[in-house]
Amino acid sequence: MTSRRLFCAATASLLAGCAAGPQAPSSAAARAELGGTGKLRAAINFGNPILAVRGADGQPAGVSVDLAREAGRRLDLPVELVTFTSAGNTVEAVKARQVDLAFVAIDPVRAADMEYTAPYVIIEGAYLVRNASPLQRNEEVDRAGTRVVVGRGSAYDLFLTRELKAATLVRAPSSPEVTEVLLRQNYEVAAGVRQQLEADMKRIGGLRLLPGRFMVIQQAMGVPKGRTAAQAWLSGFIEEMKASGFVASALQRHGIEGAAVAPRA
């Protein structure tokens, strides 16, 4: 082959490679990182009703359950749902590598021990007070003498630990317990996911939400630190699940209101 032909062949090969774009993350490499025990151990957090609840049959149900099962199907791995009652316990399980995959809010503190995808769902954090409370706006909460109840280790705990300057944080064992602790201990404010607090407000009475939100929570899939092949594959997976309507359909199927599908990364 002449030098001209060699040049043309090399150029054609280069152009073909450019047209093809970067290779998709390897599912084989992701499977190796996620299925080291022969199954995909997915952490399911009942502390956030947007993500998961116990169904009528007592089994986990929700958008996170649907995503875990679909990921397992695509990786040809049986899925084991490992349930938790709080985000804090879920994160500790990821750090200890007791689970292979979790559904958690993105937070810089957690990033020290976890690899994230982009978010798949956006939800809101809200404040709950008694009807007789003098507090009327979110901006009025951060004052000396105001005690704010949060679920220990939750996204709200991590965020408010950084943001509150004068108010005092009180940590309940889990997010679903914040309203109970608020009432039992006569604290001023409960902080958590809007839907959980709305349900408490309707169930108990005598309570109201402050207008608006104090934070936006980005829910993502996370894996133990260093599992970069798994993170890369799941990142592509979650973008496809958003674009295809899978996430939106799951939210609708499970009757979730007030949560939005995250925009494309």
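The values are calculated or read from the model by the stated rules, or taken from the named source; none is laboratory data. Remember, it's a predicted structure, so these values are computed and weren't measured experimentally. Note that we place each Cβ from the backbone using ideal geometry, even for glycine, and neighbour counts take in every protein chain shown.
Whether any residue in the range 218-228 is surrounded by 16 or more Cβ atoms within 10 Å (Cβ to Cβ) and part of a helix (DSSP H, G or I) is what I want to check. Scanning the range 218-228, I find no residue that is surrounded by 16 or more Cβ atoms within 10 Å (Cβ to Cβ) and part of a helix (DSSP H, G or I), so the answer is no. On the given criteria, is VAL216 more than 24 Å from ALA93 (Cβ to Cβ), under 17 Å from the mean Cα position of the chain (by Cα) and either in the same structural domain as VAL91 (by TED's automatic domain parsing) or among the aliphatic types (A, V, I, L, M) (or both)? Answer is yes for this residue.
Of the residues making up the range 98-151, those that are more than 23 Å from the chain's Cα centre (by Cα) and not in a helix (DSSP H, G or I) number 16.
Across the range 53-69, what is the number of residues that are part of a loop (DSSP other than H, G, I, E, B) and modelled with pLDDT of 95 or more? Even if it seems obvious, please write down each step before you answer.
Taking the range 53-69 first, the residues part of a loop (DSSP other than H, G, I, E, B) are 55-59, 62.
Now restrict to residues that are modelled with pLDDT of 95 or more: 62.
So the count comes out to 1.
Okay, residues lined up against (1) at pLDDT below 95; (2) assigned by TED's automatic domain parsing to the domain that holds LEU34; (3) of a type in the set (Lys, Arg):
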residue: GLY72; (1), (2), (3): no, yes, no
residue: ASN89; (1), (2), (3): yes, yes, no
residue: ALA132; (1), (2), (3): no, no, no
residue: ARG137; (1), (2), (3): no, no, yes
residue: VAL149; (1), (2), (3): no, no, no
residue: SER154; (1), (2), (3): yes, no, no
residue: ARG171; (1), (2), (3): no, no, yes
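Summed over the range 214-242, residues that are farther than 16 Å from SER26 by Cβ, in contact with a helix residue (DSSP H, G or I) (Cβ under 7 Å, 6 or more places away or on another chain) and of a type outside the set (Gly, Ala, Ser) total 6.
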